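Quick note: the coordinates plus some simple rules give every number you see, no bench work behind them. None of these values were measured; they are calculated from a predicted model. A quick note on method: Cβ atoms are made from the backbone with ideal geometry, for glycine too, and the neighbour counts reach across all protein chains shown.
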Amino acid sequence: MEGMTETDGATPLLQDDAKEIRRITHDMNNALEIIVQASYLVNTTALSDQAREWMKLLDQGVRQATGLNHEMREFVRMRS
């Protein structure tokens, strides 16, 4: 079938689907980078203890989202 390759028993993705997921993960990575940079800049300012705790939660969420984005890219790479 066009756009499909064999991969270690995993179900391959159609070429158009893989391309679209790559585009989405690339755009997600760009959005996450904006959040990372803004978070860094906010952390360079004087923050209350409560604000610092909120920033820690934000940083944890960004790391988790970045990891999930990486997993999605690997998932597509292994199946296309």
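Some notes on this structure:
- Charge dipole magnitude, Cβ of K and R +1, D and E -1 - the range 6-80, Cα centre, debye nearest 20: 140
- The coefficient of translational diffusion for the chain, derived via Stokes-Einstein from the alpha carbon Kirkwood radius under 20 °C and 1.002 mPa s, stands at 146 µm²/s.
- In this structure, V36 and F75 have a Cβ-Cβ separation that, at R0 = 22 Å, corresponds to a calculated FRET efficiency of about 0.50.
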